[in-house]
1. So, in the range 7-48, of the ones that are assigned to a loop (DSSP other than H, G, I, E, B) and closer than 19 Å to Lys105 by Cβ, which residue ends up nearest to the chain's Cα centre (by Cα)?
2. Which condition from (1) farther than 25 Å from Phe3 by Cβ; (2) at pLDDT 90 or above; (3) open to solvent by less than 70 Å² (accessible area, probe 1.4 Å) is the one that Gly109 breaks?
3. Please list, ordered by first then second residue, the pairs with beta carbon atoms under 9 Å, 6 or more apart or interchain, first in the range 140-168 and closer than 18 Å to Ala130 by Cβ and assigned to a helix (DSSP H, G or I), second open to solvent by less than 50 Å² (accessible area, probe 1.4 Å) and among the acidic types (Asp, Glu).
4. Check whether at least one residue in the range 121-133 is closer than 27 Å to Asp5 by Cβ and either in contact (Cβ under 8 Å) with a residue 24 or more places away in the chain or open to solvent by 50 Å² or more (accessible area, probe 1.4 Å) (or both), and report yes or no.
5. Of all the residues that make up the range 34-71, how many are more than 26 Å from Asn23 (Cβ to Cβ) and surrounded by fewer than 11 Cβ atoms within 10 Å (Cβ to Cβ)?
Amino acid sequence: MEFIDLEPERPAALHFSGADGLNCGFEVERLSDGRHVTFYGLQDVEKLQGMPLPRRSEWVGEPAPWGNGEQVGRWVSVPNEQAIARRAEVIAAHDAWMVERQAVKDRLGMDAADEAEEEACQALWEVEKAILSTMPATTAGLVAKARWASWDELPKATAEVWAKQVTADVIAMAERSGVVS
């Protein structure tokens with residue numbers, strides 16, 4: 001939560017306008033006062049970086065050789081200098097903002113914390129995998145496994161896997177004890 005308080009404000013250059021002529025998407029953020037702001041998000045800027053430079057159609061004509069004031073010519077595709085400049089502004093603002101945000105993350109140690117969280121999650125997953133695959137030897141073990149399976153914070157798919165395993169364990173324990181044949 002500290003990052004939210006310290007995060008640098010998104011540069012105004014990242015605000016979206018249909019007049020930009022960049023032909024890419026945008027994101028919408030609802031401000032605390034209820035207003036909505038449209039801006040170029042990370043994926044939009046990545047798309048801009050991979051797109052060819054913006055172009056526009058321009059009429060290239062000349063007076064008709066028959067001299068009655070008519071024009072002859074054709075439409076040609078030319079670089080859209082205004083859109084190219086806006087594209088460069090958006091990309092530069094985004095890159096500078098990402099550097100500022102990373103500096104705050106570095107100061108707070110967020111990358112190290114994210115790595116530690118990932119390692120802890122991996123260790124927990126290994127323990128859960130071992131518990132899930134172990135057949136309880138006692139009723140107390142079965143109850144402990146069932147309590148974990150019924151924990152409200154488990155994602156639905158995970159809870160279903162655990163519930164099926166606990167059910168299989170109950171059946172196996174009953175069969176081992178001779179209650180069910």
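The values are calculated or read from the model by the stated rules, or taken from the named source; none is laboratory data. From a predicted model like this one, the values you see are computed outputs, not experimental measurements. Positions of Cβ are backbone-derived with ideal geometry, glycine not excepted, and every protein chain shown enters the neighbour counts. The area values use the complete protein model at the heavy-atom level, side chains included, leaving out ligands, DNA and RNA. Shrake-Rupley method; radii C 1.70, N 1.55, O 1.52, S 1.80 Å.
1. Restricting to residues being assigned to a loop (DSSP other than H, G, I, E, B) and closer than 19 Å to Lys105 by Cβ, the top hit is Gly41.
2. Every listed condition holds for Gly109 apart from (1).
3. Pairs that qualify, where the first residue is closer than 18 Å to Ala130 by Cβ and assigned to a helix (DSSP H, G or I) and the partner is open to solvent by less than 50 Å² (accessible area, probe 1.4 Å) and among the acidic types (Asp, Glu), are Gly141/Asp169; Leu142/Asp169; Lys145/Asp169; Ala146/Asp169; Trp148/Glu128; Thr158/Glu128; Trp162/Glu128.
4. The answer is yes; a qualifying residue exists.
5. So the count comes out to 9.
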